Structures are given as structure tokens and as C-alpha cells.
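In what follows, a structure is listed as C-alpha cells, so that the remarks can point back to it.
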Ligand SMILES: Cc1ncc(COP(=O)(O)O)c(C=O)c1O
């Protein structure tokens with residue numbers, strides 16, 4: 001039955017049964033292990049996308065499989081009407097590993113941001129009054145697709161067709177401390193920032209910018225919410241990206257890598273701010289599901305046992321150097337950006353979508369953001385050899401494609 005569902009049938013299903021929300025690449029992945037994926041024809045690929053940054057410990061890691069199997073043979077779901085063993089253990093682990101005192105679990109990044117915005121508004125309303133509702137976020141940011149997170153997202157084209165949006169969201173240019181200073185006032189409840197803008201094109205916050213954001217929140221009595229949905233769980237070479245900056249948020253949102261590929265999100269907050277939520281204020285049927293939490297506990301163990309955060313820093317540094325060297329050697333790269341294993345290359349004129357398709361043909365899975373940006377989010381156990389392989393493919397494409405119109409046409 002399963003084997004009959006091949007790429008041809010998948011393409012047919014896309015055409016006939018799905019809403020057209022995705023422009024999927026013509027490949028049907030059926031198996032994964034470590035940094036590798038296999039399609040329905042048995043072709044092997046090196047994965048530099050890791051399920052949009054979620055499969056942080058690689059595909060089908062033995063310890064994660066075992067944890068999921070163990071938990072799903074015991075209890076798959078009960079809801080948050082009751083205590084859940086792996087959820088409690090995970091909350092304790094997260095609190096012990098971060099600035100936070102309390103955790104709320106949900107299922108995704110957008111839900112985590114939704115919850116963080118609700119928490120900030122409720123806390124501020126109680127502490128400073130109901131006029132403190134404004135959320136200041138950055139242009140080009142991405143916080144999710146549900147209404148609150150969409151309103152916070154600084155990409156108007158994504159929100160425009162769905163107006164009216166919730167009120168009280170203001171966007172300022174990223175990395176512009178002065179603009180932030182002008183926007184944060186007595187009506188601001190929170191500043192919401194990604195330490196590295198991911199979906200917006202991989203733009204790293206300047207250290208002075210995040211420091212100033214922290215100070216401004218302090219001075220003006222607003223909360224600092226960091227969206228670490230993409231940057232968290234070791235992706236940038238620290239467990240959370242804000243650790244590179246020497247600042248602490250009041251609230252942090254996490255998802256993607258948290259459960260290594262299973263749907264799980266979390267809002268982490270200080271004791272003080274967490275007071276904002278009382279029973280009945282927020283909730284989720286599936287949030288913090290036992291299987292997802294068991295997977296997340298295994299992810300945290302694997303990160304530590306296999307020193308994957310350190311690997312992200314080391315291989316990420318190597319990858320960045322190789323891309324910078326590539327920029328010197330071949331024409332067509334405007335900029336190399338990112339930190340750890342969250343990297344991007346901005347192309348001068350080649351079509352990034354075409355480069356992605358050419359990479360796929362050569363056995364490398366990479367992602368593009370719009371027409372000019374290639375993004376790399378490999379599993380944290382990627383090796384320098386695998387990086388070398390991809391860089392060679394990119395070099396070939398940039399040499400061959402550029403000017404001849406092969407790739408860019
Ligand atoms: C920084 C950031 N926040 C939020 C989200 C939304 O996460 P999800 O797709 O799990 O809702 C993303 C997704 O890419 C993200 O990168």
C-alpha cells in the first residue's frame with residue numbers, strides 16, 4: 001500500500017486534494033537517518049534544511065525513536081486536565097537550563113508567539129493598566145501565521161490579504177536602535193524580536209542593538225520577548241541565541257528543534273511575568289503532549305551527549321568560512337550571513353529557487369527565501385565533509401550558471 005504511493009501519485013494528490021498553500025519541490029522523501037534523506041526511488045540526499053530547522057539531532061535518532069516508542073506504548077494523549085509525566089520533566093529541564101522560571105507548552109512557533117503576546121498583554125494590563133498593549137516588533141521579522149503572530153510579523157505582504165488584523169502592533173526597522181527608541185513608549189507592553197531574523201533572510205542582530213533593546217525595555221517598563229523559535233535549541237552554537245549577546249529576555253518562545261521534529265512549542269517566562277496567566281486564561285488540547293515532550297527530553301539528552309551545540313558552533317564557523325571563501329572565488333554572491341548552523345547566502349542575480357532545484361538534482365537539500373537568498377539549516381550533527389560537498393556544488397552552479405544563464409534563467 002505504502003510503496004504504491006510514489007512521487008507521481010503525490011503530485012496528483014497535490015493537484016487534486018490539497019489546498020494550494022505550498023509550492024512543493026518534486027520529491028517524495030520516505031526515509032531519513034542522521035543528516036541523510038532518501039526519496040521513493042532510493043536516491044540519497046544530504047539535508048541542509050532539517051525540516052525547516054526542526055530535526056536538530058538529525059533524522060530518526062535512535063534515542064529519540066526509543067523515547068517516542070516507549071512513551072507512545074504507554075500513553076499518547078490525555079490533555080492538560082491532568083498531570084503529564086514527561087511534560088513535568090521537560091518543564092523542569094527547561095527551567096534549569098534557561099533564565100526562565102515557568103513554562104507554557106503549545107504545539108508550534110506561531111502558537112508560542114500567540115501565547116507570549118497574550119501573556120505580555122495580560123501581565124501589563126494588571127501591573128500597569130490597560131493602555132499598555134502595544135507590541136513593537138521589527139520589519140522583515142517572522143513570528144507566524146496565526147492572527148496575533150501575523151500582526152507582529154513585519155512582512156506586510158503576508159498579512160495584507162487577511163486584514164483586518166488585531167490592533168496595537170508597530171514595526172520598526174531591524175538593527176536600528178534609534179527607531180526602536182522612538183517606538184517604545186508608555187503604551188508599549190512588549191518588544192518582540194528574533195535575535196537572528198530567519199524567514200526574513202537570516203539577518204543577525206547587532207550586539208549593541210539587542211543590548212539597547214534590553215535597556216529600553218528596562219527604562220520604559222516594557223517586556224522583552226525574544227522569539228527563539230528558529231534560533232533556539234543550539235542552532236546558532238549556543239543553546240539559545242541570546243546567550244551570545246549577554247542579555248536575558250523576560251519571555252522567550254521556542255518551537256522547531258524543541259522536540260527534534262515532533263510538533264511542540266513553549267513559552268518560557270520569569271516568575272514575575274508568568275503571574276500574568278491564571279487558570280482559564282490560555283490553554284491547548286495537545287500542547288505539551290506526552291509523546292512530543294518525551295521526544296524533547298531525548299533531544300536535550302542527545303544535544304548534551306553528542307555535544308551538538310558545540311558542533312553547531314564549530315561546523316557552523318567552518319561552513320561560514322567556506323562560504324566567505326566561495327564569495328571571493330566565484331562571482332555572484334552579494335553577502336554571507338548568519339551564525340552557527342543558521343546561515344544564508346544572498347545571490348546577486350541567480351534565481352535562488354533554481355539553485356535549490358539544481359542542488360536537489362545533485363543530492364543536496366537546501367532552501368531559498370524569495371528569489372535571491374539561499375538558507376542553510378542543517379541538523380546540528382552535520383560534518384565538515386558534508387559542508388565541503390555542498391560548497392563544491394554551489395561553486396559549480398555559480399561558475400556554470402552565472403553569466404551563462406543555466407541556473408539563473
Ligand atoms: C522566528 C520564527 N517564529 C515563529 C515561526 C512560526 O513557527 P511555526 O511554523 O511552527 O508556527 C517561525 C517559523 O519559521 C520562525 O522562524
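The values are calculated or read from the model by the stated rules, or taken from the named source; none is laboratory data. Keep in mind it's a predicted model, so treat the numbers as computed, not measured. When we count neighbours, we look across all protein chains shown, and the Cβ atoms used for this are built from the backbone with ideal geometry, even at glycine.
What the table shows:
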item: Selection count, segment 217-237, where residues are more than 13 Å from residue 56 (Cα to Cα) and in a loop (DSSP other than H, G, I, E, B); result: 3
item: Meets criteria (in the same structural domain as residue 258 (by TED's automatic domain parsing) and assigned to a loop (DSSP other than H, G, I, E, B)) for residue 99; result: yes
item: Flag if residue 60 is at pLDDT 95 or above and touching a helix residue (DSSP H, G or I) at 6+ places or on another chain (Cβ under 6 Å); result: no
item: Options 115, 159, 179: the member that is assigned to a helix (DSSP H, G or I) and within 19 Å of the chain's Cα centre (by Cα); result: 115
item: Options 82, 123; residue that is surrounded by fewer than 21 Cβ atoms within 10 Å (Cβ to Cβ), modelled with pLDDT of 95 or more and over 23 Å from the mean Cα position of the chain (by Cα); result: 82
item: Test for residue 246: is it within 11 Å of the ligand (Cβ to nearest atom), part of a loop (DSSP other than H, G, I, E, B) and either in contact (Cβ under 8 Å) with a residue 60 or more places away in the chain or touching a helix residue (DSSP H, G or I) at 6+ places or on another chain (Cβ under 9 Å) (or both); result: no
item: Residue list for segment 383-395, filter: in contact with a helix residue (DSSP H, G or I) (Cβ under 9 Å, 6 or more places away or on another chain) and surrounded by fewer than 22 Cβ atoms within 10 Å (Cβ to Cβ); result: 383, 384, 386, 388, 391, 393, 395
item: Lone qualifier among 135, 68, 49 - being over 20 Å from the mean Cα position of the chain (by Cα), within 16 Å of the ligand (Cβ to nearest atom) and at pLDDT 95 or above; result: 135
item: Only one of 334, 345, 302, 309 that is farther than 28 Å from residue 92 by Cα, modelled with pLDDT of 95 or more and within 23 Å of the chain's Cα centre (by Cα); result: 345
item: Qualifying positions in segment 346-362 - touching a strand residue (DSSP E or B) at 6+ places or on another chain (Cβ under 6 Å) and more than 30 Å from residue 41 (Cα to Cα); result: 346, 348
